[in-house]
1. Given the conditions (1) within 24 Å of Leu392 (Cβ to Cβ); (2) open to solvent by less than 30 Å² (accessible area, probe 1.4 Å); (3) in contact (Cβ under 8 Å) with a residue 40 or more places away in the chain, report the number of the one that Arg495 does not fulfil.
2. Which numbered condition in (1) under 25 Å from Ser58 (Cα atoms); (2) open to solvent by 20 Å² or more (accessible area, probe 1.4 Å); (3) among the hydrophobic types (A, V, I, L, M, F, W, C) is the only one that Ala317 fails?
3. Here is a list: Ala167, Ala160, Ala122, Ala156. Which entry is of a type in the set (A, V, I, L, M, F, W, C) and open to solvent by 10 Å² or more (accessible area, probe 1.4 Å)?
4. Any idea which of (1) within 21 Å of Ala169 (Cα to Cα); (2) open to solvent by 20 Å² or more (accessible area, probe 1.4 Å) is the one Arg236 doesn't satisfy?
5. Residues in the range 409-421: is at least one acidic (Asp, Glu) and at pLDDT below 95?
6. Within 30 Å of Leu166 (Cα to Cα) and among the basic types (Lys, Arg): which single residue out of Arg73, Arg20 fits that description?
7. Please specify each residue of the range 461-502 satisfying the condition of being among the acidic types (Asp, Glu) and either modelled with pLDDT of 95 or more or in a loop (DSSP other than H, G, I, E, B) (or both).
8. Identify all residues within the range 1-41 that are part of a loop (DSSP other than H, G, I, E, B) and over 30 Å from Arg133 (Cα atoms); write none if there are none.
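The values are calculated or read from the model by the stated rules, or taken from the named source; none is laboratory data. Worth saying up front: this structure is predicted, and the values here are computed from it rather than measured. With ideal geometry, Cβ positions are generated from the backbone for all residues, glycine too; neighbour counts draw on all protein chains shown. Ligands, DNA and RNA are stripped out before the accessible areas are found, and what is left, the full protein with its side chains, is counted by its heavy atoms. Shrake-Rupley method; radii C 1.70, N 1.55, O 1.52, S 1.80 Å.
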Amino acid sequence: MEYVSKRLRIIDVAWRLGPRPVLLAAWDRSPLARALARRALADAPVPHGPFWPEALPSAPALPAAHRAAVLARAAAVSAGDWHGPFPAGAPALGLDLFGPGDVRPVWERNRWAELVLLAQAARLAPGRGFGRRAAALLADWAARNPAFRGPNWASAQEAALRVLHLALALAGAPLPPGARALVRLHGRRIAATPAYGMAQDNNHAISEPAGLLACGLLLGEPAWVATGERRLAAARRRLVAADGSFAQLSTGYHRLLLDVLAVTEWLRRRHGLAPTPPDPAPVAWLQRLVAAETGATPRLGHQDGSAFADLSLAGPADARPSLERAARLLAGRSAGFEGDPGCAWMGLAAGPPLPAPEAAWTVQGLRGWRCGRVRAVLRTGPLRFRPAHADLLHLDLWDGPLNLLRDGGTGSYNPWRAELWATAGHNTVEFDGADQMPALSRFLHARWPECGLLPEGGWLVDHRGNRQERRVWPEGRRWRVEDRLAGPWRRAALRWRLAPGDWRLAADGVAGPLGRLRITADGPLALTLDAGVESPAYGVLRPVPVLVARVTAPARRVTTLVEIPE
């Protein structure tokens, strides 16, 4: 019976995804496609140096503190372990990427971000050997990662991101023979499995053609340039909506989208291609969600801890440099962070400011409100692309830089932190202890709820017929949230994941220095303050207080009043 049920869920997912990604994925997994890919990725000699140019452009004018930080971090760079628990010599195609451990940190370690850092240091201090260290790092990587073997050749996206980092590091300096050979291998890897990236309808479909375009520009290969340009343009048309929403609803992956597009646009212009038309919408999407004081964003969707092209040394927790760079390159504007050192490294002048975020806004999958220092974002529908988490009608609420009501985050991809990706890991209603949609795998859900918008919020109906309507009323520093419930459910749990702090359970909610939550219902109601867990960064877990309001039928309305002190 379980076998039949799983097959039915697979059919349901295929129907919801649509024929294009399903057929592309089927082709990618077919024996013929696999044979062609293996033929294209036959063993190749290990590239030999020189890997690094004799000179790089001089550094721009930069704040003393940033210069010192670059030199200090560059001094600590070392080669280290490239493979983690994965076999270095096994053929990359078909490699088990889950059994040995979590491949995500291994891939992050192999994106050549250190090359960018060493290049910055070499431009700041040409006589201190940073260029030699960059050459040694590339030589070590090439020797320990033979072509198309081991975990670091398993993903075309990772190959693409490495090439983009190398292009950024060189800053227009010519490619030495060893680096040319490495880039050619990377281009072969990207070109060998295009159907996989296109089938994902996510960041892969953007990064992989961008990487192929970069390979073509660096090597003077017009066929790769044309293919990369065509596929990247097609992916943007399909995956980035007119309102700026990305198919992969995630603040982290939206930031990666902007980073890849911005670096690719910078590289295109340096090689004499015409600038792409300005597109401020995806930049404005992220601008609405970034805390201006810290650069933090809500943990919507998957969060993999990436900080691609981190010229400003801001790290994954601060999206402001990514936002400013994207504003200048993709929109011809400024996001208000004019002193960003990363833009100085790229030679980008600030443009006129982006318009200030609206007091109320709606885009595909989200709607938001801003009232003074307080702002909120609601995860809504309808669903066009596959959802990452069972998080519909989750509400994130911020008081300036403080994320008062928050998402549980991601944890890690392996082990899969199901409790964080589930409905119970979000600020929404869980019916009868079950998720809004059953998880078929780490990255696929079946039986997506029907969902849509209301004048003050959104609604959903799950596959069991349970309905939730959520309405949000911003009232200065008092916000009212009303959940109306219907359907055959017997027990429901409304969760509010709170910022860590001194919270005390009261008869009608919780109170603490950060705020007060009062909950009422039109039926039986029980309140508890539970010990939960959240993931503030990839692979990191810590305790978090969770206010849980449990109601039983025939209750039909639960109201939460959030009071934030001045």
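1. (2)
2. Answer for Ala317: the failing condition is (1).
3. Step by step, each of Ala167, Ala160, Ala122, Ala156 is checked, and only Ala122 is of a type in the set (A, V, I, L, M, F, W, C) and open to solvent by 10 Å² or more (accessible area, probe 1.4 Å).
4. Result: Arg236 passes all but (1).
5. Let us first name the residues in the range 409-421 that are acidic (Asp, Glu), namely 419.
Add one more test, that the residue is at pLDDT below 95, and what stays is 419.
Yes; the residues of the range 409-421 include at least one that is acidic (Asp, Glu) and at pLDDT below 95.
6. So the residue among Arg73, Arg20 that is within 30 Å of Leu166 (Cα to Cα) and among the basic types (Lys, Arg) is Arg73.
7. Looking only at the range 461-502, we keep the residues that are among the acidic types (Asp, Glu), and these are 462, 469, 475, 482-483, 502.
Within the range 461-502, Asp462, Glu469, Glu482, Asp483, Asp502 qualify.
8. Selection gives Met1, Gly18, Ser30.
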